[in-house]
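Structure, as structure tokens:
Every number here is computed from the coordinates shown, using simple stated rules; none is lab data. These numbers were taken from a predicted model, which means no experiment stands behind them. Cβ: placed from backbone, ideal geometry, glycine included. Neighbour counts: every protein chain shown.
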Amino acid sequence: MGGHCKRSFEYLKRDSWRFHCFFYDEKGRFGFWKIGGLPITSKKMQWQEGCKWEKNIEYARPWPDGDVLIKGAYQCPYAVLDTSTGAVRKLELTGGLAWLEGCDDITYRNGNVICLKKRNEKLCEIDFVRNGEVIDSLLKSEWMMFTSPLFYGNEILMDVSSFDKQDHAYDFGERVVNFDDDGFLYDEFPETWLRYNAFLDSTGSSVYYASEDLYVVR
């Protein structure tokens, strides 16, 4: 069975699963894949309350109780997949979740709901919001950022650019930034960029992974 990995899926609590990728097939069956092992197919997604299966999931993220947060499904900007039953229900950003409105990316980690929210439409200015409170910010206003920052496992991806040819943002692609429960760890790890399937360091040295290395057929 071929599967489509939806970015990096870092953590699931239910049944003590620790998988790194959520995937689904053409029939809407979902599963989890830990790199280095075989994909494990679970159940077929059962779409509820007006949500519709259109093979168009934008991304999947961990959610409380071992569930999966799905973004971009047809008629459901956010939905929650119950991994024990396969039911997918629309997530309303109201009440205690109203603060998530306007977030660029949302995930669940160590008992906290976390979101990334751009301050400026064009500049690289990002707030790190945990349980409704801004607890950290990353301000790199010398960089342009027209797309949304995204969680990528234990990292955050920022697609940035610069007019300064001496700046690595001029041609290196997406900046990879580590984070923990309390915010950005921008200066605590070596400078790393993602360009296509290669990771680059501050000198331009790269490590490349072919697409075939990340594709599994059973």
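What is the set of long-range amide H partners of residue 42 at a cut-off below 5 Å, with H atoms built 1.01 Å from backbone N?
Correct list: 30, 31, 32.
Test of understanding: what is the full-extension gain from residue 54 to residue 167, defined as 0.36 nm times their sequence separation minus their Cα-Cα distance? Please report the intermediate quantities before stating the final value.
Details: separation 113, 0.36 × 113 = 40.68 nm, distance 4.08 nm.
Computed gain between residue 54 and residue 167 is 36.6 nm.
State the percent of C-alpha pairs, over all pairs in the chain, separated by a distance greater than 31 angstrom. If you can, show how the numbers build up before the last one.
On the way: 5455 of 23653 pairs.
Percent of Cα pairs beyond 31 Å in the chain: 23.
May I ask you to evaluate 6.51 cos²θ - 1.76 cosθ + 1.60, the Karplus curve with θ = phi - 60°, for each residue of the range 150-163 and list the ³J(HN,Hα) values in order in whole Hz, giving x for glycine and proline?
Ordered by residue, 3J(HN,Hα) equals 9, 6, 9, x, 8, 10, 10, 9, 10, 7, 10, 8, 8, 7 Hz.
How would you rank 126-132, 93-99, 192-198, highest first, on the average number of other Cβ atoms within 10 Å across their residues? All intermediate terms of the calculation are to be shown ahead of the outcome.
Values: 126-132: 18.0, 93-99: 11.6, 192-198: 15.3.
Packing order, densest peptide first, comes out as 126-132, 192-198, 93-99.
What distance in nm lies between label points placed 7 Å from Cα along the C-beta direction at residue 199 and residue 92?
Label-label distance for residue 199 and residue 92, simple model: 4.3 nm.
Mind checking the full-extension length gain between residue 43 and residue 84? Use 0.36 nm per residue of separation minus the Cα-Cα distance, one decimal, nm. Don't skip to the answer; put the middle values down first.
Working: separation 41, 0.36 × 41 = 14.76 nm, distance 0.85 nm.
Roughly 13.9 nm would be gained on extension.
Mind listing the phi-derived Karplus ³J(HN,Hα) values for the range 47-55, rounded to whole Hz, using 6.51, -1.76 and 1.60 with θ = phi - 60°, and x for any glycine or proline?
Karplus-based 3J(HN,Hα) across the range 47-55 equals 7, 10, 6, x, 5, 9, 7, 10, 6 Hz.
How many Å³ per residue does the convex hull of the Cα positions in the range 96-208 occupy? Before the final figure, lay out the partial values.
On the way: hull volume 11.4 nm³, N = 113.
Spelled out: Cα convex hull of the range 96-208, divided by residues, is 100 Å³.
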